[in-house]
Amino acid sequence: MRDWSAQRIARASAAGLVRPATTPGGPARAVVDTRALEPGDLFVGIRGERDDGGRFAATALQEGAWGVLVTAEHVRDLPDGGAVLATRDPIAALGRLARAWREELRCAVVGITGSTGKTSTKEILAGLLAPHRATLASRANFNTEIGLPLNVLEAEPGVEAMVLELAMRGAGQIAELADIARPDVGVVVNVGPVHLELLGSLPAIAAAKAELIVGLEPGGTAVVPAGDPLLAPHLRDDVRTLSFGAGGDVRLIAQDGARVSIDALGEPLELEVPFTQAYHRNNLLAAVAAAVAIGVKPEGRVEVAFSPLRGERVELADGTVVLNDCYNANPMSMRAALDELASAEGTRRVAVLGDMLELGPDELAFHEEVGREAAARDVDLVVTVGPRAVAIGHAFDGPSYAVADAAEAAAILPELLEPGDVVLVKGSRGVGLEVVAEALRERVEA
């Protein structure tokens, strides 16, 4: 936005221009936290649950902000220097500005959502595209009505592809995000029992995820799992559909460790990827379909930088292997993580499993199913963390321990583990199991 004037910023965001900028040109990017502010940024003052960001408009200007976008009550008595824009709703204004900037860039945009695996799919797709297109991918957790536009506004002129993750907390949110991102390609990685507490049923979850498909312009491309009956009612005749997975348009032909062979609409692709997990290979197929949809043919070695706490494999000095996958959990991702644990070689397979949240009235049944699946995969020992996860231990037919929280799990594990064990750490983000993985690392390094 560096070439946009204050007047153009005001028009794009539908804000009132109270005071023009003191320097020509526009801001480098937008921020909502003065701690992240750099000179030349546009500060957007957003009202949160605990505070009103508009109160920090003066601080932002004093620290060299290009300007501030705040509600009218915060435009008085501001220090000299920098543009001042007023709006009734800073979040909506931020979204309008991002949409206008996305249109200005005229680059290919891929939107990604799903019940599980959307972040990893985003990161794999960014790796596939990077050798071929100047690519911007969403930063971690920048997938909401605030984070997504901030990401879009970071894009520099000349970017050729944006890969944007779209999160969902309820019906209508993905539609709102799609209206900002205006994706050319919409990827729904999967639909599963996540947010049941909010939406009530799998068809309702599918409809919420399919808002991404609804948001595509005619002639766009929807990328969906092959044969998914929940998404079938939401596919459109005026939108191209690419399916991935067994029997799909993009499918796995063969695998040999890190080397995979893929059939993409009848064309063979040979890739070398830095992962072997089955769920990542499925995410790879979705990413390949999205790449093909924007005219990129992936090939060769793919560099992927996964976010922390999402399937990290950490080998400790005593031979213990920690599968640190504690960023979040739901029944689908629990099954995938248990599959990985089952395929790992070690003295014993140990699963530290925390509560799965937002599953609604059937939450105990979902936890019990995880316990049965752990037994079916020959897990040797289970440690459950939290009141809901107790049901996992009840359904598991081997030795199990139940603890109240992550701190108690971190304290008890050293007594239970043996050198050479493979330990899966998995639970919903609210359980905070990252302290368990860190405690295991510190135990060995001490």
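Since every read-out is calculated from the coordinates, none of them should be taken as a lab result. A quick note: this is a predicted structure, and the numbers were derived from the prediction, not measured. Methodologically, a virtual Cβ is constructed for each residue, glycine included, from the backbone with ideal geometry; neighbour enumeration extends over all protein chains shown.
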- Peptides ranked, highest mean first, by Cβ atoms within 10 Å: ranges 203-213, 252-262: 203-213, 252-262
- Computed E for residue 226/residue 372 - FRET, C-beta separation, R0 30 angstrom, nearest 0.05: 0.65
- Note on the structure: Most packed first (mean Cβ within 10 Å per residue), the peptides 109-121, 27-39, 273-285 order as 109-121, 273-285, 27-39
- Could you count how many Lys pairs in the chain have their Cα atoms under 20 Å apart, skipping same-chain pairs fewer than 8 positions apart? 4
- Rank by packing, highest mean first: peptides 13-25, 424-436, with packing defined as the count of other Cβ atoms within 10 Å averaged across residues. 424-436, 13-25
- Item | Which of 366, 111, 253, positive extreme of dipole for the chain (C-beta unit charges) | 111
- Per the rule of 0.36 nm per residue minus the C-alpha distance, extending residue 5 to residue 35 adds in nm 8.3 nm
- Query: Taking 0.36 nm per intervening residue step and subtracting the Cα-Cα distance, what contour gain separates residue 276 from residue 58 on full extension?
  - Reply: 73.4 nm
- Query: Measuring from label point to label point, each 7 Å out along Cα→Cβ, what is the residue 214 to residue 411 span in nm?
  - Reply: 4.9
- Taking R0 as 35 Å and r as the Cβ-Cβ distance between residue 23 and residue 145, the FRET efficiency 1/(1 + (r/R0)^6), rounded to the nearest 0.05, comes to 0.75
